1. Can you pull out the residues in segment 179-206 that are over 20 Å from residue 161 (Cβ atoms), within 17 Å of the chain's Cα centre (by Cα) and surrounded by 18 or more Cβ atoms within 10 Å (Cβ to Cβ)?
2. Taking residue 195, is it touching a strand residue (DSSP E or B) at 6+ places or on another chain (Cβ under 9 Å), outside any helix (DSSP H, G or I) and either under 20 Å from residue 25 (Cβ atoms) or modelled with pLDDT of 95 or more (or both)?
3. How many residues does segment 104-113 hold that are touching a residue at least 12 places away in the same chain (Cβ under 8 Å) and surrounded by fewer than 20 Cβ atoms within 10 Å (Cβ to Cβ)?
4. Have a look at 155, 147 and point out the one that is over 21 Å from residue 236 (Cα atoms), touching a strand residue (DSSP E or B) at 6+ places or on another chain (Cβ under 8 Å) and either surrounded by fewer than 22 Cβ atoms within 10 Å (Cβ to Cβ) or modelled with pLDDT of 95 or more (or both).
5. If you check 46, 36, 60, 23, which single one turns out to be over 23 Å from residue 134 (Cβ atoms) and at pLDDT 95 or above?
6. Please find, among 275, 220, 269, 258, the residue that is touching a strand residue (DSSP E or B) at 6+ places or on another chain (Cβ under 9 Å) and more than 20 Å from residue 161 (Cα to Cα).
7. Kindly indicate whether any position in segment 207-221 is modelled with pLDDT of 95 or more, closer than 16 Å to residue 153 by Cα, within 20 Å of the chain's Cα centre (by Cα) and part of a loop (DSSP other than H, G, I, E, B).
8. Name the one entry in 109, 80, 74 that is touching a helix residue (DSSP H, G or I) at 6+ places or on another chain (Cβ under 6 Å), farther than 21 Å from residue 198 by Cβ and assigned to a loop (DSSP other than H, G, I, E, B).
């Protein structure tokens, strides 16, 4: 049962450092610009170097903030570790990590018709990427006893899409990773969250046949407001839990302390006598 009295925010983000993966386009690009506009120094990570550098330069010019383009593959351990070392050397220790990078199934087909290598690449991009970034960044957050991790989740993580089996598996796994992190971090001032952006108008969603003709897009501003509130410490009671931009009202969730396993992945019992409930 929800209770009143979520923790108040900690204030301005000015002078803090953010690292956003998948930063050159789509939701990642929106987040980079929004965080930079609020005074954060922002490092953007993506595989495509030219597009990434262009995006980060444009954000710096528009906001006056310090930005850093960090070309890297989130699925390669050495690449991730070198990228994080470079961010820390250039901008300082990371206060906010956003694991946003990830692929989508190339074809809308059932699992047995999917290309095995491409299917696994999708899963790896979200799960191995989120794991390696968290592994490289969180120990330093723990040492400083401050920091926030946001994993970009999806409704596909709680309701499987048969034509996007790899993406669904990846997003479900990422939610489990978030909960494991949040539980391990209890007692510290480091938190981990799942934020589902809804259906934002991005090149990725435009490429998906399931959204053809769709017009009820989630405004990117709704994603931004949740992430900013998390970064400012306003939603700490939601650590390890799922928030959905465009559906969750920020003013409402600010005043809620979710109880038990609310907004976490659990089996639904078949009845009161279910032995595994």
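1. Answer for segment 179-206, where residues must be over 20 Å from residue 161 (Cβ atoms), within 17 Å of the chain's Cα centre (by Cα) and surrounded by 18 or more Cβ atoms within 10 Å (Cβ to Cβ): 179, 181, 182, 190, 191, 192, 193.
2. Taking the combined requirement at face value, the residue satisfies it.
3. 6
4. 155 is the lone residue from the list that is over 21 Å from residue 236 (Cα atoms), touching a strand residue (DSSP E or B) at 6+ places or on another chain (Cβ under 8 Å) and either surrounded by fewer than 22 Cβ atoms within 10 Å (Cβ to Cβ) or modelled with pLDDT of 95 or more (or both).
5. Residue meeting the stated conditions: 60.
6. 258 is the lone residue from the list that is touching a strand residue (DSSP E or B) at 6+ places or on another chain (Cβ under 9 Å) and more than 20 Å from residue 161 (Cα to Cα).
7. Looking through segment 207-221, none of the residues is modelled with pLDDT of 95 or more, closer than 16 Å to residue 153 by Cα, within 20 Å of the chain's Cα centre (by Cα) and part of a loop (DSSP other than H, G, I, E, B).
8. 74
The values are calculated or read from the model by the stated rules, or taken from the named source; none is laboratory data. Keep in mind it's a predicted model, so treat the numbers as computed, not measured. Cβ sites come from the backbone with ideal geometry, for glycine too, and all protein chains shown count toward neighbours.
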